[in-house]
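A short write-up of the structure that comes next.
The values are calculated or read from the model by the stated rules, or taken from the named source; none is laboratory data. Computed from a prediction, not measured in an experiment: that's the story for all the values here. As a convention, Cβ positions derive from the backbone with ideal geometry for all residues, glycine included, and neighbour counts pool all protein chains shown. Accessible surface areas use protein heavy atoms only, side chains included; no ligands, DNA or RNA. Shrake-Rupley method; radii C 1.70, N 1.55, O 1.52, S 1.80 Å.
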Amino acid sequence: MPQADAGTPTHCPYCALQCGMRVGRVSTAGPGGLPGAITITPREDVPANSGGLCQKGWTAAELLTGPGRLTTPLLRERRDAPLRPAGWDEALDFAAARIAAIQAEHGADGMAVFGGGGLTNEKAYLLGKFARVVLRTSQIDYNGRFCMSSAAAAANRAFGMDRGLPFPITDVAKAGAVLLAGGNLAETMPPFVRHLACMRDNGGRLIVVDPRLTATAKLADLHLQITPGTDLALALGLLHIAIAEGHVDEAYIDRRTTGFDAVRTCVSAWWPERAERVTGVPAASMREAVRMLAAARDAMILTGRGAEQHAKGTDTATAFINLALALGLPGRPGSGYGCVTGQGNGQGGREHGQKADQLPGYRRIDDPAAREHVARVWGVDPADLPGPGRSAYELLDALGTPAGPKGLLLLGSNPVVSAPRAGHVTGRLAALDLLIVSDLVLSETAAMADVVLPATQWAEETGTMTNLEGRVLLRRRAVAPPAGVRGDLAVISGLARRLGHDPAGFPEDPRTVFDELRRASAGGVADYAGITYERIEAETGVFWPCPGEDHPGTPRPFLDRFPTPDGRARFVPVEHRAPVEDVDEHYPIYLTTGRVLAQYQSGAQTRRIRPLNEAAPEVFVELHPDLAERLEINPGERVRVISRRGAAEGVARISSAIRSDTVFMPFHWAGNARANLLTNAALDPHSRMPEFKVCAVRLERVA
């Protein structure tokens, strides 16, 4: 019989749960596997998954051995030439020379950097340092702007801190009620459902807000099937009910918050029947939801991308935070508000400097004290650090324009598929003088590049990730990368050296980078100073903030006070407004987008894994039977979905699980199957989040 070794303890390559797994090898030949075959075994010691994995996790070994892996650099000397294999020195020399030439002609901001929410903390940190110290460009942002930025902005202004879940995930099972707005965890994070199931087994109640009867909504005690783009009105209506029916915790409000009177006035106009007219959710169901939350000894309100990816996403998240504060939830053990962070390092990726307005430790780049501290760690003059730059979509939109960057270094992202108004973004990438992409496969974006650098991936490298709880975890190298592949830290170091900087300031060793990150983050909101690789291993993760090695870490940061100047949480009055693009006679149907169980993000990884492709082989357009009958669309027919920005095609899937005024498309596929050819790039004024989750479309059958 084949025997598998115990394996190296590490974490999943996908979502922000960062499920624990062991990566091992089969040691002898036999029916169970070939010698040397890579095995995946779930870990019991990681609370996020406690021995469970989803289909993507179980098949993660195929990422390491599957087809399409890049193993040599590729480059083209001119845009009309094909990509050709090149050596590492040739590729890096070419890239550095072109960077220098662009900046000599167009200035520091002639080069831009675009990172990703799947990069390790070490990569995100060193990429931000490279942009500010080597390139001295202000033009850096990352794809996490498209994920959690609205909830982050809302949490910062309410609590003074953005940490997705400001409590351990195991607290969910102890709650008496959970309201989940805009999240389909049964498909996007299946092991999370274990915690919800345990909560319900203990007598707790689950309320789900979603335009679709998703797999998660089917588990709920109450499903609020909302009209797309009206989550904010729903939250205002729920708070109106809580106040009118006497469910607010006046003692908590007096003791731990400020600003409630303004919010009370704001929501007074949102009586349930008005909210029903806007949202489509019956007033009786709203009242039932509030009573469930109020009756529970401990309760939680969680938001996901469905509520947040709007041009009013920050205000929507704020409205749900206001409801949580009125009920006295944040800062109570077993209760609170949380954002269900999506990407693998979506939390850590937004803490250490790859955002346009940020320095390590979740510091603001326009704060003189923050600039002084980080410049001292980096050994540079604070005056030499650039200021804030463009946000993610604004950066992509500016590429190749007269006033925009002429070159782009891109790590861990595939905006050709994942960006809103994707056809336009593809055109902007094509207008660049230089595109450098580091990736493990030739993604749709990498295929457009002038230089493609083959990167190591999760089990081939060591580095830290910060999961949705704010728990810093250690991914360990379990297998050797293919010959010819290098890590992103080596890419950054190699470019820095070629651009005239001491490679000692840009080390390739992740532990060395993390130790510098600890110093740079010290004293910041996201303080990692007391976190070491040894502690992470010994404690199976450490919660930030952790200001010293003798500090236990902070699983629940709001128990005694909020990290605001006066220690109180802030109520913030907000007003509902319609989607930027509402339906009309020309585009009479709402489109909303999301994920499916067997695929992930832009699909660059999962579309190459056979079992996942068999489970979810192509894009579909989900529509209600009444809408299908009206448009004479039959199941399995090809359908063209058209918005003001473009058209995409998919197979019709007819289901009563969706509202009759709405269609749904997942966004994992490329070409004319890209849902993001349709989506609206209108931006939230606070977070600069695009309005991914609602736009107006029309449908037609494809001949």
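Summary table below
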| quantity | calculated |
| --- | --- |
| For residue 586, solvent-accessible area (1.4 Å; no DNA, RNA or ligand), Å² | 110 Å² |
| Cα→Cβ-extended label distance, 7 Å offset, between residue 512 and residue 661, nm | 6.0 nm |
| All-pairs alpha carbon distance profile, the range 345-443, 10 Å steps from 0, percent | 14, 38, 33, 15, 0 |
| Distant-in-sequence amide H partners of residue 281 (H built 1.01 Å from N, under 5 Å) | 227 |
| Proximal lysines relative to residue 355, as straight alpha-carbon distance under 22 Å, when same-chain residues fewer than 8 apart are discounted | 123, 129, 312, 406 |
| Surface/4 estimate of mean projected area, convex hull on alpha-carbon atoms of the range 132-264, nm² | 11.6 nm² |
| FRET efficiency estimate (nearest 0.05) - Cβ-Cβ, residue 577 to residue 245, R0 25 angstrom | 0.40 |
| Förster radius 25 Å - calculated FRET efficiency between residue 384 and residue 105 (Cβ-Cβ, nearest 0.05) | 0.75 |
| The range 113-152, relative contact order in percent, only Cα pairs under 8 angstrom and at least six apart counted | 50 percent |
| In Å², nearest 10: area of residue 198 left accessible to a 1.4 Å probe | 50 Å² |
| Three principal axis lengths of the range 172-250 [C-alpha, angstrom, descending] | 36, 29, 15 |
| Modelled FRET efficiency - R0 51 Å, residue 701 with residue 271, Cβ distances, 0.05 increments | 0.75 |
| Per residue convex hull volume, Cα atoms of the range 341-400, in Å³ | 106 Å³ |
| Accessible heavy-atom area order of 8, 592, highest first, probe of 1.4 Å | 8, 592 |
| Point-to-point label distance, residue 254-residue 430, nm (Cα→Cβ direction, 7 Å offset) | 6.6 nm |
| Solvent-accessible area of residue 106 with every protein chain in place, 1.4 Å probe, in Å² to the nearest 10 | 70 Å² |
| Amide H within-cut-off set for residue 589, under 5 Å, with H built and near neighbours excluded | 584, 697 |
| Calculated from backbone phi, Karplus (6.51, -1.76, 1.60) coupling profile of the range 419-425 in Hz, x at Gly/Pro | 7, x, 6, 4, x, 5, 4 |
| Rounded to 5, percent antiparallel among DSSP beta bridges of the chain | 45 percent |
| Heavy-atom accessible area ranking, 1.4 Å probe, most first, across 39, 314 | 39, 314 |
| Alpha carbon convex hull of the range 553-703, projected area averaged over orientations, nm² | 13.4 nm² |
| Ordering of 86-98, 548-560 by burial proxy (mean other Cβ atoms within 10 Å per residue, highest first) | 86-98, 548-560 |
| Free-standing Cys, the chain [no other Cys Cβ under 4.7 Å] | 15, 54, 147, 198, 266, 339, 546, 695 |
| Percent of C-alpha pairs per 10 Å bin, the range 449-548, short to long | 15, 39, 33, 13, 1 |
| Residue-averaged [θ]222 nm for the chain, counting only DSSP H segments that reach four residues, each worth -39500 (n - 2.57) | -8000 deg cm²/dmol |
| For the range 284-304 and the range 681-695, distance of Cα centres in Å | 27 Å |
| Shape of the range 559-618, Cα gyration tensor, a/c cut at 1.5 | oblate |
| The chain: relative contact order as a whole-number percent, Cα under 8 Å and 6+ apart | 19 percent |
| Backbone HN-Hα couplings from phi across the range 621-627 [Karplus 6.51/-1.76/1.60, Hz, Gly and Pro as x] | 10, 8, 9, 6, x, 5, 5 |
| Whole-Å distance, taken between Cα centres, linking the range 137-153 and the range 62-135 | 20 Å |
| Fraction of antiparallel bridges per DSSP, the range 427-536 only, in percent to nearest 5 | 45 percent |
| Distant alpha-carbon pairs in the chain (separation over 42 angstrom), percent | 23 percent |
| Counting DSSP beta bridges with both ends in the range 595-703, the antiparallel % (nearest 5) | 75 percent |
| Cα gyration tensor shape for the range 610-683, rounded if a/c is under 1.5, else prolate or oblate | oblate |
| 679, 188, reordered so the largest accessible area comes first (probe 1.4 Å) | 188, 679 |
| Projected area, mean over directions - the range 270-420, Cα convex hull, nm² | 13.5 nm² |
| Reachable lysines, given that their alpha-carbon falls under 27 Å from the alpha-carbon of residue 218 and they are not under 8 places away in the same chain | 56, 174, 693 |
| Cα→Cβ-extended label distance, 7 Å offset, between residue 401 and residue 637, nm | 4.0 nm |
| Anisotropy class of the range 487-594 from Cα gyration tensor, a/c 1.5 cut | oblate |
